[in-house]
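Read through the structure below, which is laid out as structure tokens, and then see the notes.
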Amino acid sequence: MKVRFVLLVVAFAVIGVFPVPAQTPAAAGLERVAGLLESGAESVRIVCFGDSVTGVYYHTGGRRAYADMLQIALQRTYPKASVTVINAGISGNNTANALARIGTDVLAHRPHLVTVMFGLNDMTNLTLEEYSANLTSIITQCRATSAELLLCTPNAVEETDRRPSSKLETYVAAMRQVGADNSVAVVDCYAAYQQERAADPLAFALLMSDEIHPNMDGHRLFAKLIAEQISGKPVSLDDVGFPFPAMPKTLALLKEGKPVRVHAMPPYDTLIAPALLSVFPSANLEVTAWPVEGRSVPQLEEDAKAVRKMGVDLVIVAVSAEANAESREKYLRSYSWVMNHALSFAYQEWDVIAFPPSTANPALAGDEKEALARQRIRAQDLGTITRADRDETPVAQLLETWIKEQFTESGTATSAKE
């Protein structure tokens, strides 16, 4: 059954619409960090301590997470600041695991500020009493080194048997209480996600990569909330595009004269080799096609599960406008999982880029699925090509020009190539 999708403007503007509680210019307990950021008198080190939601994994494209977005947000808020944000998130960790590694992964960096976001694994492994005691110990150990702290409640999740929202809420409440008992400010990420879900379930779904992990749009929200808690000032990350260049692994292999193995959905299975050869004429390329004709999005999701075992260097995702699902919710979930499975589990071991339907066919620019595709790709933090209005440049030429731009020596990590 084909489903008609009614997409909202929120597909491109889900970030930056969440109110932040009234604050002083520097939130209580963060005066020293805020002062150093404002003056630029000393380099500020911040450690983001957490689990897979904090770490760099597939759900945000395998290259960045909210720690990177926080660094950008603080640099925008404090132009004079010299700030380094260190990601200390590890998949599967709870607060007991955190205490076992706090010395090497956090305190060894001599941080001025530690953000702490745990709970999604604690609720499946530890009692509320253990969770609260561990959070308190983390606070005590960080304060012993004069580090300031921010507790961050975890994001809301899709309802599952293992993580029912009713149970998660008790752990969120426990973190809030630990913050109150120890005079530590709490960034209530859970409340922000729940507020969005209550106002618009689609907008909440667009923040999620899977049942428990937010995508990069969700991570932009984390960073915005944390930065605004520190400064008391609004900040926007809406214009932060995908990392540049979009294909660092491919570029490195080509520069070294090594073979590049490409797995690509049509029409890019026939277009990518000429585009790469236009920049590296002697490139040794092996391209395999990822068939999409007649495949639904859930079927493409199943196909994507094979990618991690294929030994590829570059994957090109281009879900066809004809690909459907039995419901909007299933379409959203499967589209994300096509990209999730195409990526390595943690830091990118190979390049993945993705293109919406109109990149190959400008006539699809107004298609209802086009906006969804753009949002999903942006939220995965993957390199992409999106056409400007009325641009009817042949796709082969568009791709070749984009490849050349990606392989220049210029560009920044926050370049918005969208």
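Taken together, the values in this text are just the output of simple stated rules run on the coordinates, not laboratory data. Keep in mind it's a predicted model, so treat the numbers as computed, not measured. Using ideal geometry, Cβ is built from the backbone for each residue, glycine included, and neighbour counts are taken over all protein chains shown.
In whole Hz, with x marking every Gly and Pro, tabulate ³J(HN,Hα) for segment 317-322 from phi via Karplus 6.51 cos²θ - 1.76 cosθ + 1.60, θ = phi - 60°.
9, 8, 4, 5, 5, 7
As I understand it, the value is the acute angle between the Cα axis of helix 165-181 and the longest principal axis of the Cα atoms of the chain; what does it come to in degrees, rounded to 10?
Compared with the principal axis, the helix lies near 40 degrees.
Can you list the lysines whose alpha carbon sits under 20 Å from that of residue 305, skipping same-chain ones fewer than 8 residues off?
Within the straight-line cut-off, residue 305 pairs with 330.
Residue by residue through segment 110-120, what is 3J(HN,Hα) from phi via Karplus (6.51 cos²θ - 1.76 cosθ + 1.60, θ = phi - 60°)? Round to whole Hz and write x for glycine and proline.
Computed from phi, the couplings for segment 110-120 are 6, x, 7, 9, 10, 9, 10, 10, 10, x, 5 Hz.
Would you please put 187-200, 280-293 in order of how densely packed they are, using the mean number of other Cβ atoms within 10 angstrom per residue and starting with the highest? All intermediate terms of the calculation are to be shown ahead of the outcome.
Details: 187-200: 19.1, 280-293: 14.1.
By packing density, highest mean first, the sequence is 187-200, 280-293.
Show the residues, 5+ positions off or on another chain, whose built amide H is closer than 5 Å to the amide H of residue 350.
Amide H neighbours of residue 350: 344.
Among (i) 20.2; (ii) 23.1; (iii) 19.0, only one was calculated for this model; which label is it, if the read-out is mean projected area of the Cα convex hull in nm²?
Among (i) 20.2; (ii) 23.1; (iii) 19.0, the one derived from this structure is (i).
Would you mind estimating how fast segment 280-418 diffuses translationally, via Stokes-Einstein at 4 °C and 1.567 mPa s with the Kirkwood radius over Cα pairs, in µm²/s?
Values: Rh = 16.0 Å.
Answer, rounded: 81 µm²/s.
Rounded to two decimal places and with Rh computed the Kirkwood way over Cα pairs, what is Rg over Rh for segment 218-258?
1.31
More than 18 angstrom separation, counting every C-alpha pair in segment 100-232; what % is that?
Values: 4902 of 8778 pairs.
The answer is 56 percent, as a whole percent.
Can you find, among 82, 288, 384, the residue sitting farthest towards the positive end of the charge dipole of the chain, where Lys and Arg contribute +1 and Asp and Glu -1 at Cβ?
The residue sitting most towards the positive pole is 82.
Below 29 Å, Cα to Cα, which lysines can residue 80 reach? Residues fewer than 8 away in the same chain don't count.
Of all the lysines, those that pass the test against residue 80 - Cα under 29 Å, at least 8 places apart if same chain - are 224, 233, 417.
Amide H to amide H, which residues 5 or more places from residue 287 or on other chains are under 5 Å from it, using H placed in the peptide plane?
For residue 287, whose amide H was placed from the backbone, the distant partners under 5 Å are 262.
I'd like the projected area of segment 339-404, averaged over all directions, using the convex hull of its alpha carbons. Report it in nm² with one decimal. Let's see the in-between values first.
Values: hull surface 19.6 nm².
One quarter of the hull surface, i.e. the mean projection, equals 4.9 nm².
Sorted by packing (mean other beta-carbon atoms within 10 Å per residue), highest first, where do 94-105, 375-386 land?
Details: 94-105: 17.0, 375-386: 24.4.
Packing order, densest peptide first, comes out as 375-386, 94-105.
What list of ³J(HN,Hα) couplings, whole Hz, do you get for segment 204-219 from phi and the Karplus terms 6.51, -1.76, 1.60, once you set θ to phi - 60° and write x for glycine and proline?
5, 4, 6, 8, 10, 8, 8, 5, 10, 9, x, 7, 5, 4, x, 6
Which lysines have a Cα lying under 21 Å from the Cα of residue 258, excluding residues fewer than 8 positions away in the same chain?
Hits, sequence-local ones excluded: 249, 309, 404.
If I fit a long axis through the Cα atoms of helix 395-406 and take the longest principal axis of the Cα atoms of the chain, what angle between them do I get, 0 to 90°, rounded to 10?
Orientation of helix 395-406: about 40 degrees from the principal axis.
Rounded to the nearest 20 Debye, what is the dipole magnitude of segment 248-406 about its Cα centre when Lys and Arg each give +1 and Asp and Glu each give -1 at the C-beta? Kindly include the intermediate steps, with their values, before the conclusion.
Values: 18 positive and 22 negative charges, 79 e Å.
It works out to roughly 380 debye.
Any number yet on Rg/Rh for segment 12-231, C-alpha, Kirkwood?
Details: Rg = 16.0 Å, Rh = 17.2 Å.
My calculation of the ratio gives 0.93.
For the chain, what does the helix formula give at 222 nm: sum of -39500 (n - 2.57) over DSSP H segments with n ≥ 4, over the residue count, nearest 500 deg cm²/dmol?
Values: 16 runs with 170 residues, N = 418.
About -12000 deg cm²/dmol.
Compute the angle between helix 268-277 and the longest alpha-carbon principal axis of the chain, please, reported from 0 to 90 degrees and rounded to the nearest 10.
So the helix axis and the longest Cα principal axis differ by about 90 degrees.
Ratio of segment 157-246's C-alpha Rg to 2.2 N^0.38 Å, to two decimals? Don't jump to the answer; show the numbers that get you there.
Working: Rg = 14.8 Å, N = 90, 2.2 N^0.38 = 12.2 Å.
For segment 157-246, the normalised Cα radius of gyration is 1.22.
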